[in-house]
Structures are given as structure tokens and as C-alpha cells.
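Just so it is clear, none of the values below were taken in a lab; they were calculated from the coordinates. Keep in mind that what you see is a predicted model, and the values were worked out from it rather than measured. Here the Cβ is made from the backbone with ideal geometry for all residues, glycine too, and neighbour counts use every protein chain on show.
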Amino acid sequence: MMNPGLKHLQSYPFERLAKLRESTIAPKHLYPINMSIGEPQAPTPKFIQMALIDAISKTGKYPATRGSESLRVAIANWLRTRFQLPAESINHERNVIPVNGTREALFSIAQCLIDPRQPNPTVAMPNPFYQIYEGAALLAGAQPFYIPCLNENNFLPAFESVSAKIWDACQLVYICTPGNPSGRAMDMTQIGTLIDLADRHDFVIVSDECYSELYLDEAKPPVGLLEVAAALGRTDFHRCIVMHSLSKRSNAPGLRSGFVAGDADLIDSYLQYRTYHGSAMALHVQAASVAAWKDEAHVRKNRRLNRERFRAVIPILKPYLDISEPDAGFYLWPLLQLDDIQFCRALIEKQNVITLPGRFLARPSEHGNPGQNRVRIVLTDKVDTCVEGAQRIAALLQQYSG
């Protein structure tokens with residue numbers, strides 16, 4: 001006997017990309033440029049590395065699942081400052097848990113919160129989406145429901161397209177804001193609409209905000225779920241959970257450090273689940289995380305570099321693709337005038353540039369596959385490397401347009 005959800009899991013996007021690459025032969029005279037995976041390429045700041053090294057002696061002790069008080073205080077203070085939350089609304093004892101990166105938390109939160117005994121348990125998610133949402137739903141005994149994120153809706157979830165029947169069956173809704181792969185951020189009105197739907201239909205909102213600190217306009221940081229809840233007077237954050245990570249914010253994907261925050265009752269249940277799950281963060285990683293959450297200078301530098309990449313690359317691709325700067329993140333999500341898989345294959349074979357076919361990030365629905373004929377282009381490498389990658393992409397597109 002095995003979890004029945006396993007048979008419904010689909011291949012991860014990068015497994016599908018690996019199979020695609022197996023059937024291609026890249027030109028040997030061009031070095032490979034990988035623009036497919038959202039992994040920061042800049043080094044982790046030295047002060048974070050040193051905090052990790054200085055605390056390495058702490059590996060002789062078991063860490064608490066709840067995390068150290070110093071880490072929870074640092075996270076709570078960051079949340080208050082970044083999202084203008086009332087001081088009393090975020091209690092480091094009740095509203096915050098550190099996690100080993102948001103990937104494991106996005107998965108395990110569904111295992112904690114979903115009740116598969118209820119009729120037609122459903123987990124709603126944007127489409128395209130981070131595939132962990134789907135796997136988490138299936139392995140929790142729920143049915144995924146894909147909310148279309150289409151160009152006509154600025155690539156944001158079309159909540160109005162979801163029937164009351166689906167909302168009634170929903171126990172959990174994942175949102176990703178700013179979004180992967182579009183980089184578009186939901187505003188206060190859109191998030192407020194979802195909070196109202198959660199109250200009317202009795203579901204929990206989990207907001208994946210791991211790209212929230214890579215915004216391109218310093219004057220317009222994206223709003224967060226807890227920020228909107230507080231603005232609505234909902235300072236207990238009822239039904240609201242957010243997840244943040246140091247991976248993108250601090251160029252520290254290997255640290256595997258993030259946090260979950262929000263509704264104290266949900267956090268309490270999730271803490272109990274995690275106590276048995278056995279996923280406490282290592283003490284030296286906690287020490288490095290404290291240093292990271294307390295510092296904003298390195299994050300501002302990260303944003304400057306991110307802007308440089310976009311502003312160097314977009315003019316190169318603009319003559320061939322309808323693209324503009326996203327609100328945040330490090331992705332471009334353009335529409336192609338040809339099949340996305342064929343394009344990514346040709347890009348490898350002719351230019352040795354690896355990108356991700358859009359359909360690998362989405363699922364077919366009544367609206368079609370919203371990733372079809374789109375490509376996700378990742379800008380995380382050095383500016384010069386991103387520019388050369390863009391020039392090679394433009395060279396291929398010029399062949400097609402010519």
C-alpha cells in the first residue's frame with residue numbers, strides 16, 4: 001500500500017527539460033548559458049557566510065523545532081518593518097516559525113491543514129504555478145484546482161472565474177505574489193478580495209512571497225498578505241499564512257532558510273505537526289539567518305544588480321518579443337510566435353542557451369495551457385552573461401522573423 005496521490009504526480013519541470021536536452025546536440029563552439037532555473041548565481045554575502053562559520057560549534061546540540069528566540073525576534077521585526085504591521089500584531093512566540101526553505105514548508109503545510117475526510121477536498125493554485133503546490137495537494141489527499149493566470153488579467157489569478165462550488169470545496173488556496181513566472185504582484189484590492197472569499201467559503205490562504213524583495217521599483221515594494229490583512233483591521237491574521245525565504249532575497253539558496261508567519265492558531269497546529277515531522281533548522285543556519293534578516297543593505301544591492309540585468313537584456317529582446325519589466329523577481333515570460341518546446345530545443349541546438357518551455361510550468365484546463373507558446377527566461381547570472389544569452393536568443397528569433 002502506498003499514498004494514492006503518488007500515481008498522480010507529474011514529472012518535475014526540470015526532469016522534462018533534462019529529457020528534452022538528452023535529444024539535442026548543442027554547438028561545441030558556444031559555451032552553455034543556462035537561463036532555465038531560478039537559482040541566484042551571485043555569491044552569498046560574506047557576513048552571512050561568517051555568521052554560519054562562527055556558529056558551527058553549535059552542531060553539537062539539537063535545535064528546537066520552534067527555532068531560537070533570536071531568530072524569531074529578527075523575523076518578527078523584519079515583518080513589522082517591511083510590511084508596516086502594528087507592533088502588537090506579530091508576536092515572535094505565537095506568529096512565526098523558521099523553516100528549512102519555503103519549498104519544504106509549502107509542501108508540508110498542506111499535509112498539516114488538509115482534511116481528506118471532507119467531501120471533495122480541493123486546493124486551489126495559480127496556473128502556471130510552482131509545482132510543489134500541486135504535489136502537496138495530491139499527497140495530502142486533495143484535488144488541485146488551477147486558477148488561470150492569463151495575459152488579459154495581467155497574469156494574476158482570475159478569482160472571478162472560480163465557481164462558488166469550487167470555493168466551497170476549497171480548504172487551502174496557494175497564491176504566489178510576486179508571481180512565478182510572470183513577476184506580477186497582486187495589489188491590495190485583489191488580495192482583499194481573496195480574504196473575503198476565504199471568510200465566505202472557509203478556506204486558508206497560503207501566500208508564497210519568496211520574490212517579494214526583488215522588486216524593480218524602489219518606491220513600490222509589493223504588498224503582502226499580512227500587510228493587507230492588517231490594513232483591513234484583521235490583526236489576528238485569521239486564515240492567513242505567509243512564507244518568505246532567504247534564497248532569493250539574500251542569494252542564499254543553499255542555506256535552506258525561510259519562515260512561516262501569520263494566524264497564531266494555524267501556526268500552533270503547524271508547529272505541532274513539525275514537531276513530529278522532524279524538520280528543525282540547524283543552529284548554525286539559524287545564526288546565519290539572524291544576520292541576514294537584520295540587514296537590508298545587501299538586499300538593496302541585490303535589487304540594483306537585478307535591475308541592471310533587466311535593463312541590459314530587455315532592449316536586446318524588445319525588437320522580437322513583446323516584453324516589459326516585471327514588478328519583481330528575475331524572470332521574463334514572453335509569448336512566442338511558435339511552439340515553446342520547439343523554440344527551446346532550437347535554442348539549445350543553435351545557440352547553446354537553455355530556457356524552460358512555458359507549458360512545463362502549467363496544466364491544461366478549459367482555458368487551454370496558459371504556458372503554451374511562452375518561455376521562461378531567467379536572469380540571475382552576471383550581467384555580461386545575461387546579455388550574451390539575450391543576444392543569442394535574439395539571433396535565433398531574427399532567423400524566425402526573417
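Looking at Pro148, Asn180, Phe47, which one has the Cα that reaches farthest to the positive end of the dipole of region 46-294 (charges on Cβ: Lys, Arg +1; Asp, Glu -1)?
Going by the Cα projections, it comes out as Phe47.
Given springs between every Cα pair under 10 Å in a Gaussian network model of the chain, which of Asp265, Asp327, Asp340 has the largest fluctuation?
Of Asp265, Asp327, Asp340, the Gaussian network model singles out Asp265 as fluctuating most.
Give the residue from Ala26, Gln337, Ile316 lying farthest towards the positive end of the charge dipole for the chain; charges sit on Cβ (+1 for Lys and Arg, -1 for Asp and Glu) and the dipole is referred to the Cα centre.
So the residue we want is Ala26.
With +1 on each Lys and Arg Cβ and -1 on each Asp and Glu Cβ, and nothing else charged, work out how big the dipole of the chain is about its Cα centre, in Debye to the nearest 20.
On the way: 42 positive and 40 negative charges, 241 e Å.
Dipole magnitude for the chain comes out near 1160 debye.
How long is the gain from Ala346 to Ala164 if the chain were fully straight, where each residue apart is worth 0.36 nm and the alpha carbon distance is subtracted?
Values: separation 182, 0.36 × 182 = 65.52 nm, distance 4.37 nm.
Taking 0.36 nm per residue and subtracting the Cα distance, the gain is 61.2 nm.
Calculate how many DSSP beta bridges within region 46-294 are antiparallel, expressed in % of all such bridges and rounded to the nearest 5.
On the way: 9 of 27 bridges.
The answer is about 35 percent antiparallel.
Based on alpha-carbon atoms only, what is the radius of gyration of the chain relative to the globular estimate 2.2 N^0.38 Å? Intermediate results must be reported in sequence, preceding the final value.
Working: Rg = 21.0 Å, N = 402, 2.2 N^0.38 = 21.5 Å.
So the Cα radius of gyration is 0.98 times the expected 2.2 N^0.38 Å.
Using alpha carbons only, what's the Rg to Rh ratio of region 301-352 with Rh from Kirkwood?
Numbers: Rg = 12.8 Å, Rh = 12.5 Å.
Result for region 301-352 is an Rg/Rh of 1.02.
Can you compute log10 of I(q)/I(0) for region 185-232 with the Debye formula, treating each Cα as one identical point scatterer, at q = 0.17, 0.20, 0.27, 0.33 Å⁻¹?
Results for region 185-232 at q = 0.17, 0.20, 0.27, 0.33 Å⁻¹ read -0.52, -0.69, -1.08, -1.33.
Based on alpha-carbon centroids, what's the gap between region 111-163 and region 186-206 in Å, whole number please?
What the calculation gives is 14 Å, centre to centre.
By counting other Cβ atoms within 10 Å of each Cβ, how are Ile132, Ile323 ranked from fewest to most?
On the way: Ile132 19, Ile323 16.
The fewest-first ordering by Cβ neighbours comes to Ile323, Ile132.
Which helices, counted as full DSSP H runs in the chain, have an axial Cα extent of no less than 24 Å and a Kyte-Doolittle average of -0.5 or above?
Values: long enough: 297-317 (31 Å, -0.70); 383-401 (26 Å, 0.17).
Once both thresholds are applied, what remains is 383-401.
Could you tell me the extents of region 27-165's C-alpha atoms along the three principal axes, largest first, rounded to whole Å?
57, 52, 33
Across bins of 10 angstrom width beginning at 0, how are the C-alpha pair distances of region 105-201 distributed, in whole percent?
Going out from 0 Å in 10 Å bins, region 105-201 shows 17, 49, 31, 3 percent.
Rounded to the nearest 500 deg cm²/dmol, what is the calculated helix-only ellipticity per residue at 222 nm for the chain, with -39500 (n - 2.57) per DSSP H run of length n ≥ 4? Let's see the in-between values first.
Details: 14 runs with 163 residues, N = 402.
Counting only the DSSP helices, I get -12500 deg cm²/dmol.
In 10 Å bins starting at zero, report the fraction of Cα pairs in region 215-309 per bin as a rounded %.
Bin by bin from 0 Å, the calculated values are 13, 35, 36, 14, 1.
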